[in-house]
1. For region 134-182, what are the residues that are modelled with pLDDT of 65 or more, hydrophobic (A, V, I, L, M, F, W, C) and either closer than 18 Å to GLY38 by Cβ or part of a helix (DSSP H, G or I) (or both)?
2. Only one of SER108, SER97 is part of a loop (DSSP other than H, G, I, E, B) and among the hydroxyl-bearing types (Ser, Thr, Tyr); which?
3. Identify all residues within region 64-89 that are surrounded by fewer than 21 Cβ atoms within 10 Å (Cβ to Cβ) and assigned to a helix (DSSP H, G or I); write none if there are none.
4. Kindly establish whether LYS113 is over 15 Å from the mean Cα position of the chain (by Cα), over 19 Å from THR39 (Cβ atoms) and not in a helix (DSSP H, G or I).
5. Going by the conditions given, is ASP105 modelled with pLDDT of 95 or more, touching a Gly at 6+ places or on another chain (Cβ under 8 Å), among the acidic types (Asp, Glu) and under 30 Å from ASP30 (Cβ atoms)?
6. Taking the condition of being at pLDDT below 80 and either part of a helix (DSSP H, G or I) or surrounded by fewer than 12 Cβ atoms within 10 Å (Cβ to Cβ) (or both), how many residues in region 8-63 meet it?
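The values are calculated or read from the model by the stated rules, or taken from the named source; none is laboratory data. Model, not experiment: these values are computed from the prediction. Counting neighbours? That spans all protein chains shown, and the Cβs are built from the backbone with ideal geometry, glycine included.
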Amino acid sequence: MNLFRVAAIVVLCAYASPGAFAFGSSEPADPNKAYADGTAALKAGDYKGAEKQFKIVVEATPDNAEANYYLGVAKAGRGDHKGAVKYLDKAIANDDSLWAAYEQDGRSWMALKKKDNAQAALDKLNAKARACGDSCPPELAKAQAALKAVIDGTAPAAPAPQSLLFAPQGEFHAAYVKGGRILGQWGGVKTGH
């Protein structure tokens, strides 16, 4: 075989399988590692790094409310509030008790100067609070108060403070923290373990 034919075969194979000749690891990204790296990046205020990691998690588990929430927060932290609301709305659609997602959704709408949309997020929180009455989780009240302050203009519309960012969010977060490798149960995600 001459050199020209070998080169042509390599080029055809590369087009047929773009990932086959990718530099670096041929293994797909581990969404469990990406989740851990993403939360560490968020805690450090590295929104760009967090966005990159949570994109990996969302690609592996697109209906994962926590991953969509954290990706939305990362986008908001980078100033991409339009992109943030896309993922925050998806987080809420997949877990309507992810209170911090409503809060950040409202914050992002306020940053986009869409007060009516922010008020709609607060109205949803208020409706949830009326429904649960005295048995509401404290995180719901915190999200309500924080979003109300943003809408009233007494707090900035910037991403939620770190103290609220990693407040307990629900069953998924608790299971992930306790079990360490919860993502493997969704959609046959291969974790290598």
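1. Correct list: LEU140, ALA141, ALA143, ALA145, ALA146, LEU147, ALA149, VAL150, ILE151.
2. None of the other options fit; the residue is SER97.
3. At the first step, the residues of region 64-89 found to be surrounded by fewer than 21 Cβ atoms within 10 Å (Cβ to Cβ) are 78-80, 82-83, 86, 89.
Listed by number, the residues that qualify are LYS82, GLY83, LYS86, ASP89.
4. On the way: over 15 Å from the mean Cα position of the chain (by Cα): yes; over 19 Å from THR39 (Cβ atoms): yes; not in a helix (DSSP H, G or I): yes.
Yes: the conditions hold for LYS113.
5. yes
6. So the count comes out to 20.
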